[in-house]
Amino acid sequence: MSHCRKLGPNNKDIVIFATKEDHQVPSKVTLPEPDPQPGLILPNGDINWNCPCLGGMATGPCGVEFRNAFSCFHYSDAEPKGSDCYDLFKTMQVCMQKYPTLYNKDLSDDDDLSNAIQQADSSDGKEDSVKIASATEKDTKKS
Amino acid sequence: MLRICKAHHLTRLLNAPVFRNKFQKIVNDGCFSSLGCKITFINRNYCSSKKGDGEKVNDESIKSHPTSKPCETDSSQDPVKLKRCKPVSLDPCKPPPPGFPSKIPSIKQCTTPNLMSEIPEPSCPWDEENRNRRAKYRRLFLLGLLFTAITLGTVWYLGIFDYHEEKEKPKKIIKKKQKRAIIKDPADSKDIPPDVPYLLIGGGTASFAAFRAIKSSDPTAKVLVVTNESFFPYMRPPLSKEMWFNEDPEAVKKLIFKQWNGSERSLFYEPDDFYTKCQELMDNPNGGVAIARGWQVTEIDVVERKAILEDGYTIHYDKCLVATGATPRLSPIFEVAVSDEKIAEKIKLFRNIYDFEECMEAYDQSRTIAIVGGGFLGSELACAMARRDKKKSKIIYQLFREGGNMGKILPEYLSYWTTEKVKAEGVSVMPKTEVVGVKDDGKGLELTLSNGKKLNVDFVLVAVGVEPNTELAEKSDLEVDPELGGFLVNTELQARSDLYIAGDAACFYDVRLGRRRVEHHDHAVVTGRLAGENMTGGRKPYLHQSMFWSDLGPDVGFEAIGVVDSSLPTVAVFAKATDKDNPKAVVTQEQEGLRSNMEEIPQECDKYVSEEKRAELEEARKHISEPNKTEGEDFGKGVIFYLRNDIVVGIVLWNVFNRMSVARQVLKDQRKYEDLNEVAKLFNIHEDNVVAE
């Protein structure tokens, strides 16, 4: 049985000790739907550059290069997806090589980013895109 | 899988271990207290002037120290009797003598130039004698002055002073070095760009979150951060937690700590290479973030959009953020004590990397340490210091005014419970104790406590709160909240056109919870980001509530959101340990007995309760506040709702993790709930904590 006590100055604090059984009965309270937490890709299909999952990628010294490459890839209609973005990825890599302390460790550790990229593109439902996404991921890792 | 980008990542990136269980008061002697001035001479002569028709009072002196018997006449001071003068006792305790102005003494009289000016001009032979003597003395004085001037001139000519100056300079430098001087980079303000699109004042977490948001929405933005610290932006929370758990001294030197998941990371948000040099910022077509370190902005010309540095150098901006943070304060007794240099060395404050390094050094060389303050910082540091002392060779005292740790945050019973846990960590906790005296005892400090006891410690760490850095306000014509402190801003964190405030220094309008000022890491992240977004045209209000967390040893870890103030009524739901048959009747009777001892005092009568009675009541409450184990009571895991007008305004998730989104929804709902136990069900308090999603 759950029970309750009043504590504190002027008994202002109510303390309920609830049993597990008691709490297994579904709550009568329903809360409003939580606000959607936008991921890397916004509901309208755009890239969310504010996504915390990007870490310093989009804001660092190669941020512009990264954005160009990733945008190209995301909106690519080429077959396979992203095959028309080679030059942009190359530019990004060249930039990243100038900052080994920034882009080496960070990315290999950052499974979040790779996951996010992967997830974002697998939601397109294209088989190829998954492969390329992981290729992108490797690319960024190498650099 | 939108989950990936949830707050989890943000907090991890910003390194919140969320997901690891994650004051001379002049004592008026009562006689002239309403005058605002004090009588030095109890017997006062007041004479009728030659032309005057009445008697005049000369009364002006201010006594700085009250005498123990202020209303007694002082016989030692015989009144000097002049012609037509009569002594009148100005005993303030007696009714005024006849003829004495009835309104006496007024404030004006208090400010009469002085007693001498009112004395009638004496025309006696001694006057002439006196004049002669004076002339003689004047001549002597002038001769002396001339002699001194010649001597000094000779000395100067010989160049002895030059030598003196040289000798003093290096001394000062050595001292500064020892105190970890602030390094300016760039060393010359000329290297700081004079005109920038985005200027961020302050280089802490709020500033970091702001430039990240700015660069996200304006990819080629040129952002200049001006910080008075020697470091690139870094996170402060680990300084009182993880940094102390690191046993590798090399890692500590490099400011690396272990995260909740075991991986190591730097205190710095971004590696040094992330930032563009100040000299190169304006030439880079892709923009960047440059940090001017060791520089202080002293004034903002909001109309002209100019920030002025300490050396007068001006920086023009298009958009500016003030995120100057806060500075730890000393309690009055320590404020007086630090005027003595020897004592000041042993009194430490805690806020930044230098403070951490100094404290760590002092810690290593000390055997007894006193931490003053029972809030977040004080409690966390006490636990961390006790935990670091594996050999148990040190004594860590923690003293504070409240009844238990986190007494301003947690409801009383939980605060008591927490104190027991802090004690279990090896801290000698002294609640309801204040320091009333500080003395140098040769080796360390001798603290006199409010309970009359003396405590000898090697050093004292004062953690009694912070003061928002709003020095800029007055010169810059910015408004500061008189009660909460901090620059006043609207819900979009805007103080004036193109001027935003974020972090500890912002007193903002929360659309749901009213005007607030919050001093927490996540708040700096949330408001910094919001300001950054609004600086780039976001026009967003403060809607996303920030959270905060703390960990005190293995049994206490909590996350909280909203207005969490122990003076509010609370409803808590804790997970009952077991639901076995128990001697409930007996226990309840026993408790009923205790409760009847402490007849409740209605809140209206609160101010009429004597101190003794209050202490007695508290003691009784402390007794019944303990969880009754036999009845399955346990404060191990639960959720605490803080209510204002029956609406939930704050939630503490006590050893319950990963439920912050639910808590946010409850706050957002702003509803009166009939049964908060039903709401508590949504938090799954009986479930084991999921370490990570």
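Collect the residues in segment B:613-625 that are among the charged types (D, E, K, R) and either surrounded by 14 or more Cβ atoms within 10 Å (Cβ to Cβ) or under 30 Å from the mean Cα position of the chain (by Cα) (or both), keeping them in residue-number order. Step through it out loud before you land on a result.
So in segment B:613-625, the residues among the charged types (D, E, K, R) come out as B:613-614, B:616, B:618-619, B:621-622.
Of everything in segment B:613-625, those that are among the charged types (D, E, K, R) and either surrounded by 14 or more Cβ atoms within 10 Å (Cβ to Cβ) or under 30 Å from the mean Cα position of the chain (by Cα) (or both) turn out to be B:Arg614, B:Glu616, B:Glu618, B:Glu619, B:Arg621, B:Lys622.
Taking the criterion of being part of a helix (DSSP H, G or I) and more than 7 Å from chain B (Cβ to nearest Cβ), would at least one residue in segment A:22-34 satisfy it?
Let us first name the residues in segment A:22-34 that are part of a helix (DSSP H, G or I), namely A:22-24.
Imposing the further condition that a residue be more than 7 Å from chain B (Cβ to nearest Cβ) reduces the set to A:22, A:24.
Within segment A:22-34 (the criterion being part of a helix (DSSP H, G or I) and more than 7 Å from chain B (Cβ to nearest Cβ)), the answer is yes, since at least one residue qualifies.
Taking the conditions exactly as written (in contact with a Phe, Trp or Tyr (Cβ under 8 Å, 6 or more places away or on another chain), within 24 Å of A:His3 (Cα to Cα) and more than 8 Å from chain A (Cβ to nearest Cβ)), does B:Gly636 satisfy them or not? Even if it seems obvious, please write down each step before you answer.
On the way: in contact with a Phe, Trp or Tyr (Cβ under 8 Å, 6 or more places away or on another chain): yes; within 24 Å of A:His3 (Cα to Cα): yes; more than 8 Å from chain A (Cβ to nearest Cβ): yes.
Yes; evaluated as a whole, the condition is true for this residue.
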From (1) under 20 Å from B:Pro468 (Cα atoms); (2) modelled with pLDDT under 95, pick out the condition that doesn't hold for B:Glu247.
(1)
Got a sec? Which of B:Gly403, B:Gly444 is modelled with pLDDT under 95, over 30 Å from B:Ala307 (Cα atoms), in contact with a helix residue (DSSP H, G or I) (Cβ under 7 Å, 6 or more places away or on another chain) and in the same structural domain as B:Thr368 (by the TED database)?
B:Gly403
How many residues are farther than 27 Å from B:Pro193 by Cβ and either in contact with a His (Cβ under 9 Å, 6 or more places away or on another chain) or among the acidic types (Asp, Glu) (or both) when one looks only at segment B:236-274?
7
2 or more residues within 11 Å of chain A (Cβ to nearest Cβ): qualifying helices (runs of 4 or more DSSP H) within segment B:196-268:
B:205-217
Could you list all residues from segment B:530-558 that are charged (D, E, K, R) and either over 24 Å from B:Val652 (Cα atoms) or in a strand (DSSP E or B) (or both)?
B:Glu533, B:Arg539, B:Lys540, B:Asp551
When A:Thr59 is run through (1) more than 10 Å from chain B (Cβ to nearest Cβ); (2) modelled with pLDDT of 90 or more, the failure sits at (1)
Has segment A:40-49 got any residue that is part of a helix (DSSP H, G or I), under 27 Å from A:Met92 (Cβ atoms) and either facing chain B (nearest Cβ under 7 Å) or not aromatic (Phe, Trp, Tyr) (or both)?
no
Which numbered condition trips up B:Ile561, out of (1) in a loop (DSSP other than H, G, I, E, B); (2) at pLDDT 95 or above; (3) buried (at least 20 other Cβ atoms within 10 Å of the Cβ)?
(1)
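Yes or no: segment B:519-530 includes at least one residue that is under 26 Å from B:Val303 (Cα atoms) and within 23 Å of the chain's Cα centre (by Cα).
Quick first cut of segment B:519-530, residues under 26 Å from B:Val303 (Cα atoms) only: B:527-530.
Filter once more, so that each one left must be within 23 Å of the chain's Cα centre (by Cα): B:527-528.
Yes; the residues of segment B:519-530 include at least one that is under 26 Å from B:Val303 (Cα atoms) and within 23 Å of the chain's Cα centre (by Cα).
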Given segment B:607-693, what helices (runs of 4 or more DSSP H) lie entirely inside it while holding 3 or more residues that are touching a strand residue (DSSP E or B) at 6+ places or on another chain (Cβ under 9 Å)?
B:660-669, B:676-681
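The values are calculated or read from the model by the stated rules, or taken from the named source; none is laboratory data. Note that this is a predicted model, so its numbers are computed, not measured. Don't worry about glycine lacking a Cβ; one is built from the backbone with ideal geometry, like all the others, and counts go over all protein chains shown.
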